[in-house]
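Just so you know, all these numbers are worked out from the coordinates, no wet-lab data involved. Everything numeric in this text was worked out from a predicted model, so none of it was measured. Using ideal geometry, Cβ is built from the backbone for each residue, glycine included, and neighbour counts are taken over all protein chains shown.
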């Protein structure tokens, strides 16, 4: 998975590595110093853009967070996103969406969705577009002040699956869609294709896989497919012998017709 | 002149000797700069501190270039101390923390280093054992799937754990024999109530200060958790909307917000009745006391039973002047004449989950060495040393519990709906409100009804605070995660945290917001209707 994404992320300039290293440890003051110093050096345009991008990202983590800081980051990202098509421009577009979504005091979800959609339309396969996809799907599933019914929201979200390029992204989308179906109390059978698809993609970590196996078995039993329920209960029992649900799953298995 | 030359020669010789000594000192193997790994914890029980020290000393023998410094900070001030250290950038490399203390969504991304890649690799200290070659995470009894080992929403492994715990009622075997003529503890809830009566009668006849349970504010917490969770089990399937056979924080918290459960729900109301009985069997004024007082009451023979975790077992063994036994709290089962209809059984001790978790400080200057020490602490050899000295239950496969700790091994064959309980509710605010108001249940004038009424009137305000804090922490978590994932991508090309982190957490964020808005609208409507 790491390699797959690293390939997608290919072409990134090395940039101000020490700044990014400091930022990875959330040493924001140090990162900002590094990025400012990098921007002042005579360097390639790509390196300067990378440093500017780093400065914008650092501002979103520097404590205490201020409105001015967020707006400064917005200005930086806006400039970068509109002045190129490189990875920095894509990352900047992603962060424009995130600022609108979460960083501003008053979220603007429509603006966030607009930025994410633009990124997807321009660079669908890029790592930033694929990252935006998992955020956009949530905005479709849980829209604000929308007249759309939960079923319509799920249907709209499901259309985004076509834009998921890698198994890991597809798996993630299936999981959040299934979760929304449960949350909205839609017929549980509607979640079954998503759960089965996520399981089949084999991208789940162990704890999530344990949950998904139980979910498939439970929903299969509820929707009249005891054979499938049995198969997944048994898979769960075999793969997770120390899970707390062993006793309950054995009871369920014994109760299957 | 000769003297002058001799003086110069002596000086030159002296200088030369000093230079040689300095050079030898600088190049001697023992003078090599030692790395100091600092670890903090709050475990002052029994011989636990000595257990961790013993592992550290053995590690230093194996790794002479590393010194392990252990900081023990009492749990009463640990959280504040840890926060200060983290904010000030002076926190130790390895920090004990538990998500049960809350705010992990905010703490983890900001201060703690995920170790998902490292735990996928074998633990080199397991070489020559049956665990050789197995991924480090799979050497833990729970495969590091406990809430601190693996953060489901961040999708990352964080904290290796060193022990496993169970809750038990410890009892004074000698005193029990004196009171009942047998040293066998009660097996059912009715037998337990019978024992409470026997203790009251014994204390009255002997004119002795004696309660069935030695209780305190802290111990009440440990009693309330299994009682509400266990008694609520019958209701739990109704909240399991995602069909995982396990209740998540959101199913409980948003279930409260939606009115899917309250302390008037029959199962939970019965849980309160059981809790009231346990409180009334405790020494008067226990709510004002700390756990040390409860333990002292027990050790002095003023209480027959102490409800505690297996973590206290070694302290009790060391301090008690009598033989200590232990048994599980026998909650009412389906055969109980009063609570049977709303009871589910048997109930298990819960999942195989390990604890006492150590997080790697993101700002550690010696993260490799710190992680290496954790590898040793959680290896077959290291964990066996710890278990042998501390008398705690092991966290690692193949490590043998001592004869003493064996009796606390968990019971698994029963119902359990996960580590989130009704007592935890919407979070720490509602839980504290429960503890603050529980006094309304106890004593001759106390009643479950009085508590329920208070919970209905003021509980929503506390739940609201919890959910607001949860939303705030969640936003911090995924915003910080965005920043660090981007930095890692740019610095090293590692793209493992993108694009999947953490969409499920953000989904829960929007679900929580919707529920809070809906609750606010309902409250507004109700208030509007109530106005003339």
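For the protein assembly as shown, DSSP calls about 60 percent of its internal beta bridges antiparallel. So what's the gap between the Cα centers of the stretch B:43-59 and the stretch A:172-244, to the nearest angstrom? Rounded to whole Å, the Cα centres lie 42 Å apart. The listed peptides A:65-72, A:180-187, ordered by packing as a protection proxy, come out as A:180-187, A:65-72 (highest mean of other Cβ atoms within 10 Å first). Rounded to the nearest 10 degrees, the inclination of helix B:367-377 to the longest alpha-carbon principal axis of chain B is 60 degrees. Angle of helix B:448-492 to the longest C-alpha principal axis of chain B, folded into 0 to 90 degrees and rounded to 10: 30°.
Each peptide in A:201-211, A:123-133, B:191-201, B:166-176 receives the mean, over its residues, of other Cβ atoms within 10 Å, and ordering these scores from highest gives A:123-133, B:166-176, A:201-211, B:191-201. Each peptide in B:510-520, B:91-101 gets a packing score, the mean of other Cβ atoms within 10 Å over its residues, and the list from highest to lowest is B:91-101, B:510-520. Using the Cβ-Cβ distance between residue B:57 and residue A:250 with R0 set to 41 Å, the FRET efficiency works out to roughly 0.35. Put a dot 7 Å past the Cα of residue B:76, heading toward its Cβ, do the same for residue B:197, and the two dots end up 4.0 nm apart. Counting only other chain Cβ atoms within 10 Å of each residue's Cβ, the peptide A:218-229 averages 1. Computed over the alpha-carbon pairs of chain B, the distance histogram in 10 Å steps reads 3, 16, 25, 24, 16, 8, 3, 2, 1, 1, 0, 0 percent, short to long. Remark: relative contact order (chain A) = 9 percent; criterion is Cα-Cα distance under 8 angstrom and separation of 6 or more residues.
Extension gain for residue B:436 to residue B:513 (0.36 nm times residue separation, less C-alpha to C-alpha distance): 25.0 nm. Relative to the current alpha-carbon distance between residue A:85 and residue A:29, full extension at 0.36 nm per residue lengthens the span by 17.3 nm. Which residue fluctuates most in the GNM of chain A (Cα springs below 10 Å): A:173, A:138, A:237? Evaluated over chain A, the most mobile residue of the options is A:237.
Among the residues of B:142-149, the average count of other protein chain beta-carbon atoms within 10 Å of the residue beta-carbon is 3. Of the residues B:240, B:183, A:194, the one with the fewest other Cβ atoms within 10 Å heads the list, and the complete ranking is B:183, B:240, A:194.
Geometric descriptor of the stretch B:112-205, per residue, is 187 Å³ (volume of the convex hull of the Cα atoms). Against chain A, whose longest principal axis is taken from its Cα atoms, helix A:67-81 shows a tilt of about 90°. Extending 7 Å from the Cα toward the beta-carbon at both residue A:162 and residue B:174 defines two label points whose distance is 8.0 nm. How would the protein assembly as shown be classified by its alpha-carbon gyration tensor: rounded, prolate or oblate, with rounded meaning a/c under 1.5 and the a/b versus b/c comparison settling the rest? Since a/c reaches 1.5 but b/c is at least a/b, the shape of the protein assembly as shown is classed as oblate. Kirkwood analysis of chain A, using all unique Cα-Cα pairs, places the hydrodynamic radius at 20.6 Å. Put a dot 7 Å past the Cα of residue B:190, heading toward its Cβ, do the same for residue B:447, and the two dots end up 2.7 nm apart.
Across peptide A:179-191, the mean count of Cβ atoms from other chains lying within 10 Å of each residue's own Cβ comes to 3. Distances between every pair of Cα atoms in the stretch B:454-530, grouped in 10 Å steps from 0 to the bin holding the largest one, split as 16, 34, 24, 15, 9, 3, 0 percent. By other beta-carbon atoms within 10 Å, ranking B:212, B:90, B:480 with the fewest at the front produces B:90, B:480, B:212.
How high is the FRET efficiency between residue B:207 and residue B:327 when r is their beta carbon distance and R₀ equals 35 Å, given to the nearest 0.05? That gives a FRET efficiency of 0.80. For the stretch A:97-121, backbone nitrogen atoms closer than 17 Å to the point 7 Å from residue B:527 Cα along Cα-to-C-beta are found at no residue. Residues A:77, B:165, B:298 in ascending order of nearby Cβ atoms (within 10 Å, fewest first): B:165, A:77, B:298.
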